[in-house]
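This report refers to the structure that appears directly beneath it.
No lab work stands behind these numbers, since they all come straight from the coordinates. Computed from a predicted structure; not experimentally measured. Here the Cβ positions follow ideal geometry from the backbone for every residue, glycine too, while neighbour counts run over all protein chains shown.
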Amino acid sequence: MNQNEPESLNDASLNRCIRRLASAVMIQAMDDVFRGTVRERREALEWMRKGDAGELTFELCCRIIDRDAETVRNHVLQRTGIPAAFLAQMREQDREERLAS
């Protein structure tokens, strides 16, 4: 073991690490939405709309950092000017893809 690494993390340390990770993921997603390439924007928006479809989801990150997922989504959509109908269409496409596979 590297002598700079802690031997074990207590619950408080682990919680801080998890919160920092979730915050970093959320910051990257917001950066991608507002300043990323078209592909990065689309991927970040898809991640935001998918709900609990993965391991480190948007919804989980929001819960970890004490934010309401719908409020964050709505704020992002308002700031980007993306209509809510666009996300609804993406959700429908996702549902159709899952049914087809």
Quote the convex hull volume per residue of segment 47-89, based on C-alpha atoms, as a whole number of Å³. 65
P(r) for segment 11-100: what percent of alpha-carbon pairs falls in each 5 Å bin, starting at zero? 2, 13, 23, 26, 18, 10, 5, 3, 1
Using the Cα gyration tensor of segment 25-68, with a ≥ b ≥ c the square roots of its eigenvalues, what is the shape: rounded (a/c below 1.5), prolate (a/b larger than b/c) or oblate (neither)? oblate
Rounded to the nearest 20 debye, dipole of the chain from Cβ charges on Lys, Arg, Asp, Glu: 380
What is the list of residues in segment 20-39 whose amide nitrogen lies under 13 Å from a point 7 angstrom out from the Cα of ARG79, following Cα to Cβ? 26-36
Mean separation of Cα pairs under 8 Å and 6+ residues apart, divided by the residue count of the chain: what relative contact order is that in percent? 21
Could you tell me which of LEU45, SER13, VAL25 has its Cα farthest along the dipole of the chain towards the positive end, charges placed at Cβ (Lys, Arg +1; Asp, Glu -1), taken about the Cα centre? LEU45
Rounded to the nearest 500, what is the 222 nm mean residue ellipticity of the chain from helices alone, with -39500 (n - 2.57) per DSSP H run of 4+ residues and division by all residues? -23500 deg cm²/dmol
Sequence-distant residues sharing a close amide H with ILE82 (under 5 Å, placed H): none
